[in-house]
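Student: Pasting a structure below so you can have a look.
Readers should treat all values here as calculations from the given coordinates under stated rules, not as data from a laboratory. Computed from a prediction, not measured in an experiment: that's the story for all the values here. Reconstructed Cβ throughout: ideal geometry from the backbone, glycine too, with neighbour counts over all protein chains shown.
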Amino acid sequence: MAEQTRHRPFDMAKLTSVPYLVWMLLFTIVPLGMVVWYAFTAYPNTDFTLQNFAGVLKYGKTFWKSIYLSLIATVVCLIVGFPMGFIMSRMSERGQRTMQMLIMLPMWMSFLLRTYAWMTLLENEGLINKFLGLFGIGPFQMINTQGAIVLGMVYNYLPYMILPLYSVMVKIDQSVIEAAQDLGADGFHVLIRVILPLAVPGIVTGITMVFVPSVSTFIISRMLGGGSNLLIGDLIEQQFLGSVYNPGVGSAMSLILMVMILLIMGVINRFDSDEMEGMLV
Amino acid sequence: MKKKNVLSKVYTGLMLLFLFAPIFVLIVFSFNESKSRALFTGFTFKWYVELFQNEMIMSALWGSLSMAFCSSTIAAIVGTAAAVGIHKIQRKGIRTAIMNITYLPVLNPEIVTGISMMLLFVIFKNLLGIKLGFITVLIAHVTFCLPYAILNVLPKLRQMDPSLYEAAQDLGCPPVRAFFKVVIPEIMPGIISGYLMSFTFSLDDFIITYFTSGSGFTSLPLVIYSMVRKKVNPQINALSAIIFVVVLLMLLISNLVQARKEKAD
C-alpha cells in the first residue's frame, strides 16, 4: 500500500508531457503531413497526382546550383574555421572567453543586417569598388554574382562552424599532441592522425549548421545574388508568396529539400558514429 | 614556437577583421551626413533622430519584444512540464520517439517549418476564421522555442538527486508542493537558459515569422527586410549600430557574471 502511494506521483508526472505532445502533434506533425498531402495532390482538387514533382523537374538546374554553392560555402567555412577553432582552443582561459564572445557577437545581430552590410560593400558604387578606384583598378561587378552569394553564406554561417570545432578541440589535451610529437610525428601528421580524428564530432556539427541554412536560404540569394541567381529557397517562397499561389509544386520542392537534407545528414552522422566507434576500440 | 605564435595572432586578427569590418563600416556610415554609402561627407546624428521618430520601426520593435516575451514564457511553462514528464518515461522506444519529434523543428530547414505552418494556418483561416497575425506567429514561435526549453531542462533533471524529492514527501510535503519547493529550484538554471535562448531566437526570427504573419503582425526583422529591399536608408545603419551596442553590452554582462561565478566556485 505504502509502495503504491509512493509511486503514484511518478505516474502523474508522466502526464505533464501531454500538453507538449499534443502541441507538437498539432503544429509540427500535422503541418508536415500537409506538406506531403499537397505535394501529392492536384491543388485545388484532392486527386492523387505526381504532376507536382514533374513540375519540379523543370527547376533541376536551380537545385544543383543551390547544392553546389552551399557546398562551396561549407567547405570554405571548414577550411577557414578549422585553424581558428584550433587556435582558440589553445588560448588562455581568458582569451578563450573573449574570443567566444567576439565570434558570437555578429551571430546575435540579425542576419538581415549582416547581409545588408555586404550589400553596401559589394555594390558597383560601393566602398570596395571606390577604394580600388583610387588605384585605378576596377570597378568590378561583385554584387549579383554567385561569388557574392557564397561570400554571404560564409560570412553569415562561419561562426556556426568555428564554435562547434572549438568546443571539441578544447577537450584535446595538449599532452596528447606533445606525445605525438615526442614519438616523431611532424606537424602534418599530428594534424591528420591526432587532431582531425578527435575533431570529427565538431566537424559534423559544423557542416550541418552551415549547410542546412545555406542550401535553404532565400534572403542571401535575393540580396546578394540579384534576380538572376535564384536558389531552392527562392523557388519555394515564390510558390507560396509569389504572384501565383501554387502550394502543390511548393510542397513538392519542400519535400525534396527536406528528404535531401535528412539523407545528407544521415550519411554525415553515420560517418561520425563510425569514427567514434573506431576511436573507442 | 615563437613563429607559430605570431602566425596564430595574425590569423586571429584577420578573422576578426573579416567578421567585424562590414559591421564597422555600417556603423561609421550611420553618422554620415549624406545618403552615400561610399563617401563620408560629414558627421550627423540625424539618422538616429529619424529612427526614433519612425513609428513603423518603434511599433515593430514593441511587437517583437511582446512576441518574444509571450512565446518564451509559454515555451518555458509547457517545456518544463514536458521535460519533467519525459524524464519519468522509462520505456526507451517511447522516449526515443519523443526526442526525435523534439529535434524535428531544430533540424528541419526553417523555410520548410515556415511553409508547413502557413499551410495549416490557411486552413485555420478558412475553417475557424482565425486570421494570420499575432496568434499564428505566437503558435509558430512557441513551436520552435519548445525544443530549446526542453533540451535545457532535461540535463538538469538528470543531474538532480531524486532522493531530495522523495525526502520532501517522506517529511509530509504533498507531491505538488514538493515539486515546486524542491524540483523547480534545482532545475531553475536550465529553465532560465532555455528562456533566454527562446527569447533571443524569437526576437531574431525572420523566416518563420515571414511565412506565418500574413499582414496582421509586424516584427522588427520584417521591417528591416522591407527597408533593406528599398535599398538606401541610413536609418538601417543607425539601427544596426544600436543593436550592435546592445548585443555587445549583454554579452559583456553575461561574461562578467559567468567569470564571477567561476571564481566563486
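Student: When the Cα centres of region A:124-140 and region B:11-26 are compared, how far apart do they sit, in Å?
Tutor: 20 Å
Student: Let me ask you something else. Rounded to a whole number, what is D in µm²/s for chain A from Stokes-Einstein with the Kirkwood radius over alpha-carbon pairs (10 °C, 1.306 mPa s)?
Tutor: Numbers: Rh = 22.5 Å.
This corresponds to a translational diffusion coefficient of 71 µm²/s.
Student: Classify region A:214-272 from the C-alpha gyration tensor, please: rounded if a/c falls under 1.5, else prolate or oblate depending on whether a/b exceeds b/c.
Tutor: oblate
Student: Sticking with this one: Give me the dipole magnitude in Debye, nearest 20, for the protein assembly as shown about the Cα centre, with unit charges on the beta carbon: positive for Lys and Arg, negative for Asp and Glu.
Tutor: 440 debye
Student: A:Ala180: net charge of surrounding residues, Cβ under 13 Å, Lys/Arg +1, Asp/Glu -1, itself excluded?
Tutor: Spelling it out: positives minus negatives among the neighbours equals -3.
Student: Reachable lysines from B:Lys46, Cα under 17 Å, same-chain residues fewer than 8 places away excluded?
Tutor: Here the lysines satisfying the reach criterion relative to B:Lys46 are B:Lys35.
Student: Continuing with the same structure: Pull out a ≥ b ≥ c, the square roots of the eigenvalues of the alpha-carbon gyration tensor of region A:162-214, then state rounded if a/c is under 1.5, prolate if not and a/b is larger than b/c, and oblate in the remaining case. Spell out each step's value before the answer.
Tutor: Working: a/c = 4.12, a/b = 2.41, b/c = 1.71.
It is prolate, given that a/c is not under 1.5 and a/b is the larger ratio.
Student: Please give the calculated 222 nm ellipticity per residue for the protein assembly as shown, where each DSSP H segment of at least 4 residues contributes -39500 (n - 2.57) and the sum is spread over every residue; nearest 500 deg cm²/dmol?
Tutor: Helix-only estimate at 222 nm: -25500 deg cm²/dmol.
Student: Quick one: of A:Lys65/A:Lys130; B:Lys88/B:Lys181; A:Lys130/B:Lys4; B:Lys181/B:Lys261, which pairs are farther than 26 Å apart, Cα to Cα?
Tutor: In this structure, A:Lys65/A:Lys130; A:Lys130/B:Lys4 exceed 26 Å between Cα atoms.
Student: Let me ask you something else. Taking all pairs of different Cα atoms in the protein assembly as shown, averaging 1/r and flipping that mean, what Kirkwood radius in angstroms comes out?
Tutor: For the protein assembly as shown, the Kirkwood estimate is 25.8 Å.
Student: Compute the separation of the alpha-carbon centres of region A:101-122 and region A:172-209 and state it in Å as a whole number.
Tutor: Distance between centres, Cα-based: 31 Å.
Student: A follow-up question, please. Where is the GNM fluctuation largest for chain B (alpha-carbon springs, 10 angstrom cutoff): B:Thr200, B:Thr73, B:Thr96?
Tutor: The residue that fluctuates most here is B:Thr96.
Student: Cut-off under 17 Å on the C-alpha distance; same-chain residues fewer than 8 positions from B:Lys92 excluded. Which lysines are left, in chain and number order?
Tutor: A:Lys14
Student: For chain B, set up a GNM with springs between Cα atoms under 10 Å and report which of B:Pro175, B:Pro147, B:Pro234 has the largest fluctuation.
Tutor: B:Pro175
Student: Would you mind telling me which residue in B:Ser213, B:Ser202, B:Ser226 has the biggest mean-square fluctuation in a Gaussian network model of chain B, where springs connect alpha carbons within a distance under 10 angstrom?
Tutor: Of B:Ser213, B:Ser202, B:Ser226, the most mobile in the Gaussian network model is B:Ser226.
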